[in-house]
Amino acid sequence: MEGRIIPQHIAIIMDGNGRWAKKRGLPRTAGHKQGAENIRKIAIACNELGVKALTCYAFSTENWKRPESEVEYLCKLPKLFFQRYLAELKKNNIRVTFLGEIERFPNETRSVITTAVEQTKDNTGLILCLAVNYGGRREITLAAQRYAADVVRGITDAAIDEEAFGHYMMSEGMPELDLMIRTSGELRISNFLLWQLAYAELIFTPVAWPDFDRDCLVEAIDEYTHRNRRFGGL
């Protein structure tokens with residue numbers, strides 16, 4: 001990766017699973033299964049390339065509106081994913097975390113996620129963060145509520161700056177977000193990491209998530225390398 005600037009933190013909107021499946025005459029669940037398996041491949045690639053954190057938009061607060069059968073399958077995916085790949089993630093020194101309100105998920109799903117977090121908490125490689133039952137506006141709203149409660153209790157002052165408010169976000173402790181990638185050709189951010197995206201570079205690719213491989217990742221990093229990040233300055 002000589003000559004490339006490796007982003008510390010990459011976020012991915014993993015779009016196109018359903019269209020990938022439809023194109024092949026398969027049910028949408030087959031696309032979600034393939035998409036989940038691709039998280040493993042891209043996480044390991046990021047780890048090898050020196051990326052510090054990877055946040056994957058796995059389940060949004062809006063996904064509950066989808067057909068019940070599809071939602072049920074999406075809720076089962078964490079168990080299928082970690083049963084198959086947790087040992088490999090541990091072997092690669094990858095640490096699992098999550099963003100979102102997992103309380104709404106079935107007990108088994110919550111248990112699988114929290115177990116993966118606990119079993120990898122001491123790993124020092126890539127942070128693999130799954131955004132599950134997550135929404136950017138919801139995250140900011142909850143942060144504001146926690147901040148307001150601390151003001152009422154006298155724990156913090158009413159005057160607060162961006163850095164201090166950032167400690168109330170779910171992403172507290174994560175590296176600053178450098179690059180957001182959305183697959184499958186859609187040109188929007190869909191309520192994802194609204195606070196964190198302030199100065200991130202955005203890349204939109206027509207490649208569906210199940211087909212987004214290491215070469216696609218390196219291509220995105222190459223494009224990121226040639227961006228002139230001024231952060232509002234000259």
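The values are calculated or read from the model by the stated rules, or taken from the named source; none is laboratory data. Computed from a prediction, not measured in an experiment: that's the story for all the values here. Because the Cβ atoms are built from the backbone with ideal geometry, glycine has one as well, and the counts that use them run over all protein chains shown. We work out accessible area using only protein heavy atoms, side chains counted, and drop any ligands, DNA or RNA first. Shrake-Rupley method; radii C 1.70, N 1.55, O 1.52, S 1.80 Å.
Quick one: is Lys41 open to solvent by 40 Å² or more (accessible area, probe 1.4 Å), touching a Pro at 6+ places or on another chain (Cβ under 7 Å) and at pLDDT 95 or above? Steps first, answer last, please.
On the way: open to solvent by 40 Å² or more (accessible area, probe 1.4 Å): yes; touching a Pro at 6+ places or on another chain (Cβ under 7 Å): no; at pLDDT 95 or above: yes.
For Lys41, the condition - open to solvent by 40 Å² or more (accessible area, probe 1.4 Å), touching a Pro at 6+ places or on another chain (Cβ under 7 Å) and at pLDDT 95 or above - is not met.
Selection over the range 118-139 of residues that are outside any strand (DSSP E or B) and either crowded, with 16+ Cβ neighbours inside 10 Å or among the small types (Gly, Ala, Ser) (or both) gives a count of 9. Here Gly31, Gly25, Gly16, Gly35 are screened, and the one residue that is of a type in the set (Gly, Ala, Ser) and open to solvent by 30 Å² or more (accessible area, probe 1.4 Å) is Gly25.
When the range 41-94 is limited to residues that are of a type in the set (Val, Ile, Thr) and not in a helix (DSSP H, G or I), the one that is nearest to Thr115 (Cα to Cα) turns out to be Ile94. For the range 158-187, the set of residues classified as aliphatic (A, V, I, L, M) and either over 16 Å from Ser60 (Cα atoms) or not in a loop (DSSP other than H, G, I, E, B) (or both) consists of Ala158, Ala159, Ile160, Ala164, Met169, Met174, Leu177, Leu179, Met180, Ile181, Leu187, listed by residue number. Do you know which residues across the range 196-217 are assigned to a helix (DSSP H, G or I), of a type outside the set (D, E, K, R) and either under 23 Å from Ala58 (Cβ atoms) or within 16 Å of the chain's Cα centre (by Cα) (or both)? Within the range 196-217, Gln196, Leu197, Ala198, Trp209, Pro210, Cys216, Leu217 qualify. Does the range 188-195 include one or more residues that are part of a helix (DSSP H, G or I) and crowded, with 16+ Cβ neighbours inside 10 Å? No, because not a single residue in the range 188-195 is part of a helix (DSSP H, G or I) and crowded, with 16+ Cβ neighbours inside 10 Å.
Every condition in (1) assigned to a helix (DSSP H, G or I); (2) open to solvent by less than 70 Å² (accessible area, probe 1.4 Å); (3) within 29 Å of Asp178 (Cα to Cα) is met by Thr97 except one, and the failing one is (1). The requirement of being among the hydrophobic types (A, V, I, L, M, F, W, C), surrounded by 18 or more Cβ atoms within 10 Å (Cβ to Cβ), under 20 Å from Ala36 (Cα atoms) and touching a residue at least 12 places away in the same chain (Cβ under 8 Å) is fulfilled nowhere in the range 162-171; no residue meets it. Of everything in the range 1-29 that is in contact with a Phe, Trp or Tyr (Cβ under 8 Å, 6 or more places away or on another chain) and part of a loop (DSSP other than H, G, I, E, B), the residue that is farthest from Ala58 (Cα to Cα) is Ile5. Residue check: Tyr199 meets all listed conditions (1) closer than 24 Å to Ile6 by Cβ; (2) surrounded by 13 or more Cβ atoms within 10 Å (Cβ to Cβ); (3) aromatic (Phe, Trp, Tyr) but one, namely (2). The residues in the range 202-234 that are within 25 Å of Gly100 (Cα to Cα) and open to solvent by 50 Å² or more (accessible area, probe 1.4 Å) can be counted, and the count is 2.
Only one entry of Leu142, Leu179 meets the criterion of being closer than 30 Å to Arg19 by Cα, touching a residue at least 24 places away in the same chain (Cβ under 8 Å) and surrounded by 12 or more Cβ atoms within 10 Å (Cβ to Cβ), and that entry is Leu179.
Looking only at residues in the range 82-96 that are touching a residue at least 40 places away in the same chain (Cβ under 8 Å) and in contact with a strand residue (DSSP E or B) (Cβ under 9 Å, 6 or more places away or on another chain), the one that is nearest to Gln34 (Cα to Cα) is Leu89.
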